[in-house]
Amino acid sequence: MTAWLARLLGYRDVTAIEQISPSLAAPWAHEHPGLVACGCLLAAGLAIVFYLRFQPARRRGIAMFLAIGRAIALCLLLVVLAEPTLVVKLVRHPRPLVWLLFDGTDSMAIEDDLPESQRQRLDQAVGFDPSEDKTAAKHARIAYVQALLNKDSGRLLGRLDEKFRVRAFRFDRSDGVKALASGEQTPDAVYAGGLAQQLTTTGQVTALGTAIADLARRHASSQVAGLIVFSDFDQNSGSAPLAAAKALGLPVYPVGVGPAAAVDLAVELQAPLLLKKGERTPLTVTLRHVGLEGQKGVVRLFARRMDATEAGDMLIGERRIVLIGSGATLDFDYTPEETGRMLLTAAVDPLEGEVIRANNRASREANVRDDFLRLMFVEYEPTWEWRFIKEVFHRDRLVGMRGFRTYLRSADPKVRQTNELFLSTMSPPRSDFFANDVIFLGDLPASALSPRFCELTKEFVSKFGGGLVVLSGPNFGPSQLAATPLGDMLPVIVDVDSRLRDTRAFDPRLTPQAAHVDFMHLGANSADNGRAWRDLNGMPWYQPVARVHPLASVLLEHPQDTCVDGRTRQPLVAIRRYGRGEVVYLAMNETWRLRRQYGETYYRQFWGQMIHRLGLSHALGSQKRFVVRTDRQQYQADDKVTLSVEAYDEDFEPLAADKLADHKLWAELTVPGRAGAGASTTARPLASDTQRREAVAIPETREGLFETQIPVLVPGEHRLRVKDPIAGGTVDVTFQVTSLSAERRSAVRNQELMDQLAAETGGASFDLTTAEQLPDEIKPHARKETMIEVLPVWNSWLAFGLLVTLLLGEWLVRKLVNLP
């Protein structure tokens, strides 16, 4: 009865009917059910009186039978008007969902060169019949997945469908997943074949973390037992898969496709973005290798001046090594002898048996300068913070004596004129102002902030990517910025009526967001970090704000005090991106307390890392006037390179095309081969060298911005040299073109990531030879669902048929007994 009623209601997996209770849906009957009973009694009485008194029949029994039939019909009609319903309480244990996520990127089209024994074992596991396919010694990775789905008429999907509701998705782009056609109402064999046909290899990046996050965002409201992922797990784009999997909260079952190991050597180079001329800088080369144990190689490190007329590599160092274990780390010392942009390259000659050789080289650009970052500190009067920051950066090799300048409002005008440390004005000419990299704004009254300074600072951050640090002091506070353009740039919303809070000391508290910002990490490990921030315990005061800006991240907060909403803690350190730059807000100028127990170590690290982040996010110094960029550093053959130039004149005003010859900028493109192989439609050959160089026109797209696209066909390193029409020099950029896509730079699946995903989420790791164990491995928790169904009886065929039967039956009996 339970199963029959469940099927009647259209439900599957119903195990019990806990309750069936009648009810009346018509408002008058629901509120006064006694009226229905009284009406039925009255109708029955009238029917009996009518037949026994006014419809004489030959036999009294027939009259009573007709009276009862008429009474039942009238009562049924009255009950139908009361709209009777049945409230049914059902209990079911639904089948949970299982998600299948398939990798649809180019790496799945790789035909792996496997040992014969391993290939035969894999062919047998997925159902490839060697006798039917004698010509194909190798198969693409996606072909193995398709064969597994089709094996034994879709047995794997069929077994999964017995226990779960299966939903399939494919990830082949950087912004999420694509749902594949469902086979819920299709025979398993047909569904398996249809699903296999929907698997493609057109994607150019493996963004597994983004795909998992997209599943969590769009589908996680359903009961899901687990996520099965078929991929080589070569993550090369998007967010971290492990963090996304943990946030999803489901067990992940990775199914690895491709070999777990292959003969390969990969080179990585670590170098600072900024180097100082004449100072020794350590560079680190990391080698990772598989299957090359005991082989010998030579590691060479080169430097090339990118703006030189003739490109030439200078050997920095050379090391002979024997490959032992899984990797090696080599340190090289480099002392640049001249300024300019340098390309550092680490290379190892290909070794015997390597599958992929494109990763035997690694390059990194670095900028060599005499004085690096230019800092401008605007303050009302000397404070401890001002003194210590000045000392720190005077000794910092990235700033030095010439890189730190300050405007002190209270300083004697003669001192400002004669001491090179001091600026005579806080609003110098545009060319000097925009040559800065980071601006510190201390505790100043609103009257000291001229409109020109505020507008220049706003343009400096938003348009030129500069950094702004706002240090709140005890005298004036951030409320002074509310009526200025600077107030809109802050990571906080200031309150003009706020006042200093110094009633009790407090211990600042790091927020979870602080873990993602480099300058909040002090020391070498978490223990050092905690020890450093404990130096700020017992802070005596801070400046409160109304609330946090929606686009800001709070890095340090008050342990008790809240903003006006009563929930958000008062921010002590917050950061926000504004335009192309960033703004850091500090609710106090007391970070010098980081020096109390451990000297300058943590204090210098905090401020040093902050200016590195704020100052290195854009071109440095006067280089901001003429900035040349490409949209990427790595391209594939047949891609288009987008070249953009942000150009300003001597006063940092946008450079207009009508001031240029031909109303456009020109660049020289050097390709690594004959020009005929890499000619582009936007370039014209130079007569002086028709084989290697091309002239590229860069038209204006808007005032101050010039942009063009250049098709590239030849693999290798390309150089673009753009002439600066104002200074007369050139600015160079280089980029690599490879015939090898990012998806094919790794020959093996990422077994480490697979194991982490399985271990951290409670799943298990498989490969194609063990994937058929999946239906047995996934053990969902039994879940009970209680449903309440309201079934209308009054408008059902049963009620209608009963009423019609009673009326027709009465009519037929009346005819048989000759009643009028």
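Tabulated values for the structure
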| quantity | calculated |
| --- | --- |
| Relative contact order of the chain, defined on C-alpha pairs under 8 angstrom at six or more residues apart (%) | 14 |
| Under 12 Å, Cβ to Cβ, from K390 - net charge with Lys/Arg +1 and Asp/Glu -1 | -1 |
| Separation of the R534 and A247 label points, Cα + 7 Å toward Cβ, nm | 3.3 |
| Whichever lysines have a C-alpha closer than 24 Å to that of K246, once near sequence neighbours (fewer than 8 apart) are set aside | K178, K779 |
| Cut-off under 5 Å, modelled amide H: who pairs with F377 long-range | R405, T406, Y407, F440 |
| Projected label distance in nm at A759 and E268, using a 7 Å step from Cα toward the beta-carbon | 1.8 |
| Per-residue ³J(HN,Hα) for the range 530-542, Karplus 6.51 cos²θ - 1.76 cosθ + 1.60, θ = phi - 60°, Hz, x for Gly and Pro | x, 5, 5, 6, 5, 5, 8, 4, x, 4, x, 7, 6 |
| Interchain or long-range residues, amide H under 5 Å from F506's placed H | G538, M539 |
| Nearest-0.05 FRET efficiency for E381 and V564, computed from C-beta distance (R0 35 Å) | 0.70 |
| Cross-link pairs K390/K458; K277/K390; K458/K640 - those with Cα-Cα distance over 29 Å | K458/K640 |
| Spacing of the two label points (7 Å from each Cα toward its C-beta) at A260 and K138, in nm | 2.2 |
| Area of I17 that stays accessible when all protein chains are in place (1.4 Å probe, Å², to 10) | 50 |
| Accessible surface of K664 - all protein chains present, 1.4 Å probe, nearest 10 Å² | 70 |
| Cα long-axis angle, helix 116-126 against the chain (0 to 90 degrees, to the nearest 10) | 30 |
| Surface share of carbon and sulfur [accessible, 1.4 angstrom probe, percent] for the chain | 52 |
| The range 228-288 and the range 576-597: distance between their alpha carbon centers, rounded to Å | 31 |
| Size of the range 488-560 as Cα extents on the principal axes (Å, biggest first) | 41, 30, 17 |
| Over the range 297-430, relative contact order from alpha-carbon pairs under 8 Å, at least 6 apart, % | 18 |
| R629/D152 FRET efficiency (R0 56 Å; Cβ-Cβ; nearest 0.05) | 0.55 |
| Vicinal HN-Hα couplings computed from phi for the range 69-85 (Karplus, 6.51 cos²θ - 1.76 cosθ + 1.60; Hz; Gly/Pro x) | x, 5, 5, 5, 4, 5, 5, 5, 5, 5, 5, 4, 5, 7, 6, x, 9 |
| Hydrodynamic radius (Kirkwood) for the range 45-92, which is based on Cα pairs only, to one decimal in Å | 12.7 |
| Set of lysines with alpha-carbon distance to K151 below 21 Å, sequence-local pairs under 8 removed | K134, K138, K163 |
| Which of R170, R402, R320, R141 is most accessible, then next, and so on - probe 1.4 Å | R320, R402, R170, R141 |
| Length-normalised contact order for the range 208-279 - Cα pairs under 8 Å, 6+ apart - percent | 38 |
| Mean shadow area of the range 249-305, taken as a quarter of the surface of its Cα convex hull (nm²) | 8.4 |
| Debye intensity ratio I(q)/I(0), log10, the range 390-502, q values 0.16, 0.18, 0.21, 0.22 Å⁻¹ (C-alpha model) | -0.83, -1.04, -1.32, -1.40 |
| Additional length obtainable on full extension of the chain from T730 to D776, 0.36 nm per residue less Cα span | 10.0 nm |
| Estimated FRET transfer efficiency when R0 is 56 angstrom, pair R580-L808 (beta carbons, to 0.05) | 0.05 |
| Full-stretch length increase - Q417, E338 - with 0.36 nm per residue and alpha-carbon distance subtracted | 25.2 nm |
| Share, in percent, of DSSP beta bridges within the chain that are antiparallel, nearest 5 | 70 |
| Most to least packed among 405-412, 804-811 [average Cβ atoms within 10 Å] | 405-412, 804-811 |
| 17 Å reach of a label modelled at A446, 7 Å along Cα-to-Cβ, counting backbone N of the range 532-546 | 544-546 |
| Integer Hz, Karplus 6.51/-1.76/1.60 couplings in order for the range 722-732, x for Gly and Pro | 9, 7, 8, x, 8, 7, x, x, 10, 10, 10 |
| Label of the coordinate-derived value, Rg and Dmax of the Cα atoms in Å, listed as (1) 34.1, 108; (2) 28.7, 101; (3) 38.7, 137 | (3) |
| Inter-centroid distance (Cα atoms) of the range 371-403 relative to the range 496-526, Å | 22 |
| Solvent-accessible heavy-atom area per residue, rounded to whole Å², over the chain at 1.4 Å | 47 |
| Relative pair counts by distance (%), Cα atoms of the range 326-455, 5 Å bins | 2, 8, 14, 16, 14, 9, 7, 7, 6, 6, 5, 3, 2, 1, 0 |
| Potential extension, L798-A483 segment - 0.36 nm per residue separation minus Cα distance | 105.8 nm |
| Distribution of pairwise C-alpha distances over the range 502-655, 5 Å bins, in % | 2, 8, 14, 17, 15, 12, 10, 8, 8, 5, 2, 1, 0, 0 |
| Placed amide H near Q636: partners under 5 Å, 5+ positions off or other chain | T738 |
| Proximal charge balance of T701 [Cβ under 13 Å; K/R count +1, D/E count -1] | -2 |
| C-alpha center-to-center spacing [the range 425-469, the range 85-126] in angstrom | 58 |
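The values are calculated or read from the model by the stated rules, or taken from the named source; none is laboratory data. Keep in mind that what you see is a predicted model, and the values were worked out from it rather than measured. Because the Cβ atoms are built from the backbone with ideal geometry, glycine has one as well, and the counts that use them run over all protein chains shown. The protein model used for the area step is the full one, side chains on, heavy atoms only, and it has no ligands, DNA or RNA in it. Shrake-Rupley method; radii C 1.70, N 1.55, O 1.52, S 1.80 Å.
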